[in-house]
Amino acid sequence: LNNNNSLVSGTVTVKFGNDINTDYIVPAYILQEAWDKKFFADYAFERYSPDFIKTCRANENKDNIVVAGKNFGCGSSREQAVYAIQYNNVKAVIAESFPDIFFRNSINNSFCVVKVESVDDIPLGAKVEINLEELIVKVDNGRIVKQILMNEEERNLLVSGGRLGKVRERLREKLLTTN
Amino acid sequence: MQQTIVEKIVSRVAGRKVHTGELIDILPIDKLYFNEVIAPPAIINFQEDFRAVYSEAASSRNRAGEIAVWGENGKSKVKVFDPSRVCFIPDHTVPSCSVKVAQGVNLMKQFASDQGIKMFKEGDGIEHTVVTEEGFVRPGEVVVATDSHTDTVGAIGALGFGIGTTEAEYALATGEIYDFFVPETYKFEITGDFRPGVSAKDLILTILGRVKEGGCSKKVAEYSGETIRRMGMDGRFTMCNMSVEMSARTGIVNPDEVTSQFMLETIARHPELSSELSSKMADRSFSGVRSDDDASYASVMELDAEKIEPQVALPHSPANAKPASEISDEINVVFIGSCTNARHSDLIEASKILKGKKVHPNVNLLVIPASRLVYNWAMNEGILKIFADAGANIESSNCGPCFGKHMGVLSPGDRCLSTSNRNYKGRMGSPDASIYLSSPATAAASAIEGKIADPRRYYAA
């Protein structure tokens, strides 16, 4: 997600069910083997859905959207799970719910995660446009329009590219006011 | 208005009275700790993300003399917010199991030494066990760490949250987390006594089986009632530890006499902490960190401990709990260890069953005490000898095969019964292995029989 960019679009290339945990997204054995975020792309869903990478990379120019059911990203706090998805040219995950750790990790990486009431009517292959300004998801050029369930603060953080700017400002204040 | 323990703890650090659902823009934290999975990238990102801010602050400050403390050769150096409130614990795959892991641990040692941060040694133990045993985390504190099982510290009445690399790196710089919603609380009210052979693990697996993996999402799990009040600290650690398996923000128990006793024992082992800790405990007597009687809860579930049977979570979900008496699947690996179940009372329960017995010829039994303290205690008490005589492999303290990277990685076709917290497909190695979860008692009985066994027959009067 680019700064001040509130439009995200792509094609639904992968659809998952409920309770996809971060062990499924990226296995533990690889987490300590690199300190570079892009490294983890090659291990996305390695033990759960080995086709994930092939599907995402089938067309180099394709922007992928992942759709999932409830509780996407549960379990371990490993942030590498976000990188593994993000660096497979996935532009967003649309799911029915996200546990907090994964949601916060995603926002901190400016990775677009949006919650909608139901994903039943978002089929594989659908063209999706996520509008964070209006908080809607348009499926197949507006054939279906879905409300994004997201509060103001989360939306602003996502659109403005995460928290780093805010944290740097806090640190600057603290350094300049310390006795 | 009455408050939950969560609201009270958050109110203290926020500096005002807060209630559930409120958004806290800036939440100061009390403690922060890192394992060796996340510390190396967090250290690197921390230096990159904040170097420029330090340089700018250094040049715009009038009191140039102070800046020199941070600088080397006129260059500002990024400092952590408060080294005394941070610690590093290498625990997931130590002694190092790969060159990159060893490199990461050395990076931590160097950074810790530069910054004055306490770095624990390989084998000192699993992070969540170490921080409570060593008195680093105290009742009523807000604690963040780079591991989802930070919820474990809720057992002593601390509010612990697992966070990712980026949030941890930010907290390292400022001692704060941002945009924090005060979570609702789901109260689990437990009454009655456990029957012999039944323990906290069976209770939390029963709860998980009812609420399922997403059942406590966005909420804190508070465990209370007479059963919890009578439960030792080890059982409370087990309960809080697995809160995240139902997607809870964290788990917590109201501090009480048991907590106080635990803290007194900690002080006895660490006289250097005694004045600071004693005064804190006297001040609080925990009244400021206990849920009010009329506090408001999002949900309440009541359970009778007497009706709970030994439970086993079947592959591939911790919420897939069934009574052990209904299962007799053959197994070839048993792991007694992890941040869930490898403390004093866990090892005692398992050793009582294994005493004078042999591990089944088909079973590889791994025993990994949760910390050096537990390891040395079990050695001195003869507990380790019981395991060794039975034919167990005993390893130095670390997360062990639960992390699926070393010390007993599973092959396709392996069937493992583990006292850990997650049995996701592929968690401990091959996705074609099967993982079952249980209490230490059930694990010990099953190690003897070579199949999943109800431990209650070993408790016959």
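The values are calculated or read from the model by the stated rules, or taken from the named source; none is laboratory data. What you are looking at is a predicted structure, and each value in this text was computed from that prediction instead of being measured. Ideal geometry is used to build each Cβ from the backbone, glycine not excepted, and the neighbour counts take in all protein chains shown.
Just a few scattered comments:
- Criterion: within 22 Å of residue B:35 (Cα to Cα), among the acidic types (Asp, Glu) and surrounded by fewer than 24 Cβ atoms within 10 Å (Cβ to Cβ) - qualifying residue of B:176, B:167, B:184, B:189: B:176
- Within the set B:408, B:404, the sole residue that is within 14 Å of another protein chain (Cβ to nearest Cβ), buried (at least 20 other Cβ atoms within 10 Å of the Cβ), small (Gly, Ala, Ser) and over 23 Å from residue B:320 (Cα atoms) turns out to be B:408.
- Residue match in region B:156-166 (condition: in a helix (DSSP H, G or I), within 12 Å of the chain's Cα centre (by Cα), modelled with pLDDT of 95 or more and farther than 21 Å from residue B:23 by Cα): yes
- Of the residues A:138, A:174, A:127, the single one that is more than 9 Å from chain B (Cβ to nearest Cβ) and surrounded by fewer than 17 Cβ atoms within 10 Å (Cβ to Cβ) is A:127.
- Number of residues in region A:105-120 that are within 14 Å of chain B (Cβ to nearest Cβ), without any contact (Cβ under 8 Å) to a residue 60 or more places away in the chain and among the small types (Gly, Ala, Ser) equals 1.
- Only one of the numbered conditions (1) at pLDDT 95 or above; (2) in a helix (DSSP H, G or I); (3) within 12 Å of chain A (Cβ to nearest Cβ) is not met by residue B:106, and that is (3).
- Here residue A:74 fulfils each of the conditions (1) free of Cβ contacts under 8 Å to residues at least 60 places away in the same chain; (2) more than 18 Å from residue A:24 (Cα to Cα) apart from (2).
- Among the residues of region B:319-348, just one is among the acidic types (Asp, Glu) and closer than 18 Å to residue B:234 by Cα, namely B:346.
- Filtering region B:59-77 to residues that are more than 8 Å from chain A (Cβ to nearest Cβ), at pLDDT 55 or above and surrounded by 14 or more Cβ atoms within 10 Å (Cβ to Cβ) leaves only B:77.
- Selection within region B:175-215: residues that are touching a Phe, Trp or Tyr at 6+ places or on another chain (Cβ under 9 Å) and of a type in the set (A, V, I, L, M). The member of this set that is farthest from the other protein chains (Cβ to nearest Cβ) is B:190.
- The criterion of being within 20 Å of the chain's Cα centre (by Cα), closer than 30 Å to residue A:111 by Cα and modelled with pLDDT of 95 or more does not hold for residue B:202.
- Summed over region B:317-330, residues that are buried (at least 20 other Cβ atoms within 10 Å of the Cβ) and either free of Cβ contacts under 8 Å to residues at least 24 places away in the same chain or of a type outside the set (A, V, I, L, M) (or both) total 2.
- Options B:125, B:135, B:157, B:104: the member that is surrounded by fewer than 22 Cβ atoms within 10 Å (Cβ to Cβ) and touching a helix residue (DSSP H, G or I) at 6+ places or on another chain (Cβ under 8 Å): B:135
- Meets criteria (more than 14 Å from chain B (Cβ to nearest Cβ), under 20 Å from residue B:213 (Cβ atoms) and buried (at least 19 other Cβ atoms within 10 Å of the Cβ)) for residue A:66: yes
- Number of positions in region A:13-46 that are touching a Lys or Arg at 6+ places or on another chain (Cβ under 8 Å), touching a residue at least 12 places away in the same chain (Cβ under 8 Å) and surrounded by fewer than 21 Cβ atoms within 10 Å (Cβ to Cβ): 1
- Between B:298, B:282, the distinction of being out of contact with any Pro (no Cβ under 6 Å at 6 or more places or on another chain) and at pLDDT below 95 belongs to B:282 only.
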